[in-house]
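Visitor: First, the structure itself, so that you have it in front of you.
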Amino acid sequence: MRRTWVQTVVGVMILTVGLSGCYGVRKKFIRKKKASEEPPVYVNLKEYSNVPVEQVYRDYHVFLRGWLDDLVLSLQDNGSWKRSKKAIDEALRNFSQMRFFFNDEGTQATNEMFDTLLAVKEYVYIPSHDTSDNDHARWIDKIKRLQRKVEKMLPYDNVKPWLKNN
């Protein structure tokens, strides 16, 4: 029996498909995902006018007072621990920003207040502090005294001699 060339070609094709498996055939006929191109980023550089130091300082002062109020309320009402953490973190951040404008004399004058804020942060970060004892009330009183100091010592008109630009 002679084999014809058609039988030979069909036999080779069957053998090739058999040896290659289904995965190769399936992979050949499945569309490949196109690579997604990220849109180009355009940066529009713009000159911004300088905001006066006075306005920026006043903003930080108001923010600090607000966060200290929020901290006192959250501790008095036995509010959430996360709220107290957020309040003390933001108060510290705003106080640090205020101190950025001060010269050495102003920084030295506010070191005690900054240390008090750091001590309050340590107290607030203790998740299981007992809110019914006298220690908790003392911390609230300490924060209120700090609030009074901030309102008395740190308004813009009082800190003008401490500013770096003067």
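The values are calculated or read from the model by the stated rules, or taken from the named source; none is laboratory data. Keep in mind that this is a model prediction, so the values were computed, not measured. Glycine gets a Cβ as well: all are built from the backbone with ideal geometry, and neighbour counts include every protein chain shown.
Visitor: For the range 1-42, give me each residue that is surrounded by 10 or more Cβ atoms within 10 Å (Cβ to Cβ), among the small types (Gly, Ala, Ser) and modelled with pLDDT of 75 or more.
Guide: Gly11
Visitor: Does Lys144 satisfy the condition of being in contact with a helix residue (DSSP H, G or I) (Cβ under 9 Å, 6 or more places away or on another chain), basic (Lys, Arg) and free of Cβ contacts under 8 Å to residues at least 24 places away in the same chain?
Guide: Here the answer is no, as Lys144 does not meet what is asked.
Visitor: State whether one or more residues within the range 43-61 are within 44 Å of the chain's Cα centre (by Cα), in a loop (DSSP other than H, G, I, E, B), of a type in the set (Phe, Trp, Tyr) and modelled with pLDDT of 75 or more.
Guide: No, that holds for no residue.
Visitor: Here's a follow-up. With the condition kept exactly as written, say whether any residue in the range 66-83 is aromatic (Phe, Trp, Tyr) and surrounded by 18 or more Cβ atoms within 10 Å (Cβ to Cβ).
Guide: Yes, there is a match, as at least one residue in the range 66-83 is aromatic (Phe, Trp, Tyr) and surrounded by 18 or more Cβ atoms within 10 Å (Cβ to Cβ).
Visitor: Which one is farthest from Leu163 (Cα to Cα) among residues in the range 27-71 that are without any contact (Cβ under 8 Å) to a residue 12 or more places away in the chain and of a type in the set (Lys, Arg)?
Guide: Out of the qualifying residues, it is Lys28.
Visitor: Can you work out which of the residues in the range 119-166 that are loosely packed, with under 11 Cβ neighbours inside 10 Å and either touching a strand residue (DSSP E or B) at 6+ places or on another chain (Cβ under 8 Å) or not in a helix (DSSP H, G or I) (or both) is modelled with the highest pLDDT?
Guide: Ranking the qualifying residues of the range 119-166, first place goes to Ile126.
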